[in-house]
Every structure is written in structure tokens, then in C-alpha cells.
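Trainee: Structure provided below as C-alpha cells; questions to follow.
The values are calculated or read from the model by the stated rules, or taken from the named source; none is laboratory data. Keep in mind it's a predicted model, so treat the numbers as computed, not measured. Cβ coordinates were reconstructed from backbone atoms using ideal geometry, including for glycine residues, and neighbour counts include every protein chain displayed.
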Amino acid sequence: MIRALAERGSRRDRGSIVAEFAVALPAIALVLLFAGGVLAAGARHVRLQDAVADAARLVARGEPVASAEAVVARAVAGGEASVEHRDDLVCVVASAPAGLPALPPLSAASCALAGGR
């Protein structure tokens, strides 16, 4: 009797695991894609910060501002830089798209001592 009840219940549940998996799979895929996008945005931010530091040192040594802008644009697609002079420092501020529409734009700033010393 108990065996008959157990078999009857398992017949009704047949395929339910596949259906649950089919419902959950798109949500899992979206979470994994978003996590990958966040990791890629983090890598872009590191490249942007390195490019801004290099650009600040270039301008501080006397290179033209265009070369600093080119360094940032080459390092991160869509990156834009501006140069500011603050007392003895030359600062470069840059921004770039994060690469994922849900994330805000990336920004980075770096300063170097004017004169390259």
C-alpha cells in the first residue's frame, strides 16, 4: 500500500525537476552575465587609473596635453581626459563608459609634481 502511494506520487512529479530547471536557468544566466560585466568594468577601471597616472607624469614632464589625452583614449575605449594645474601639481582627470549600461561611468584622477622631479 505504501509503495503504491509512493509510486503514484512520483508519477505526478515526473518532469517537475526539468521544468524548475528551465524556469531558473534564464535567471542564473542573467546573474552570471551581470557578474562578468562587473568584473570587466573593474578591469577597465584599473586600466583607466593606470592610464591617468601615466598621462599625469607625461604632462608634468612637459609633454603636450594631446599626448596625455591619447594615452587615456588608447588604454580605454571611449576614455576622455582633462588636465588641471593645481599649484605645483599637474592633475589629469578622466572618465570612460563602464561597458555595461546598468553601471555608472568610470572616473579616475591622478596628479604628478610639475617639472617631473
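Trainee: Please report, ordered by residue number, the strands (runs of 3 or more DSSP E) entirely within region 58-116 with at least 1 residues that are touching a Pro at 6+ places or on another chain (Cβ under 8 Å). It would help to see each step written out before you state the result.
Mentor: Details: elements: 80-86, 89-96, 106-113.
Passing ranges, in order: 89-96, 106-113.
Trainee: Which condition does Ala60 not pass, out of (1) at pLDDT 95 or above; (2) buried (at least 20 other Cβ atoms within 10 Å of the Cβ), if it passes all the others?
Mentor: Among (1) at pLDDT 95 or above; (2) buried (at least 20 other Cβ atoms within 10 Å of the Cβ), the lone unmet condition for Ala60 is (1).
Trainee: Name the pairs: first residue in region 23-35 and touching a residue at least 12 places away in the same chain (Cβ under 8 Å) and of a type in the set (A, V, I, L, M, F, W, C), second residue surrounded by 10 or more Cβ atoms within 10 Å (Cβ to Cβ) and part of a helix (DSSP H, G or I), Cβ to Cβ under 7 Å, at least 6 apart or on different chains?
Mentor: As it stands, the answer is none, since no pair meets every condition given.
Each row is one residue, and each column tells you yes or no for (1) at pLDDT below 90; (2) in contact with a Cys (Cβ under 9 Å, 6 or more places away or on another chain); (3) of a type in the set (Val, Ile, Thr); (4) within 30 Å of Pro97 (Cα to Cα).
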| residue | (1), (2), (3), (4) |
| --- | --- |
| Met1 | yes, no, no, no |
| Ala6 | yes, no, no, no |
| Glu20 | yes, no, no, no |
| Ala27 | no, no, no, yes |
| Val38 | no, no, yes, yes |
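Let's see how each residue does on (1) of a type in the set (Val, Ile, Thr); (2) out of contact with any Asp or Glu (no Cβ under 7 Å at 6 or more places or on another chain); (3) at negative phi; (4) touching a residue at least 60 places away in the same chain (Cβ under 8 Å):
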position: Arg47; (1), (2), (3), (4): no, yes, yes, no
position: Asp54; (1), (2), (3), (4): no, yes, yes, no
position: Gly62; (1), (2), (3), (4): no, yes, no, no
position: Val65; (1), (2), (3), (4): yes, yes, yes, no
position: Glu69; (1), (2), (3), (4): no, yes, yes, no
position: Ser82; (1), (2), (3), (4): no, yes, yes, no
position: Cys91; (1), (2), (3), (4): no, no, yes, no
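Trainee: Checking His45 against (1) out of contact with any Cys (no Cβ under 9 Å at 6 or more places or on another chain); (2) at pLDDT 90 or above; (3) more than 17 Å from Gly99 (Cβ to Cβ), only one condition comes out false. Which one?
Mentor: (3)
Trainee: Any chance region 30-39 includes a residue that's in contact with a helix residue (DSSP H, G or I) (Cβ under 8 Å, 6 or more places away or on another chain) and either part of a helix (DSSP H, G or I) or among the hydroxyl-bearing types (Ser, Thr, Tyr) (or both)?
Mentor: Scanning region 30-39, I find no residue that is in contact with a helix residue (DSSP H, G or I) (Cβ under 8 Å, 6 or more places away or on another chain) and either part of a helix (DSSP H, G or I) or among the hydroxyl-bearing types (Ser, Thr, Tyr) (or both), so the answer is no.
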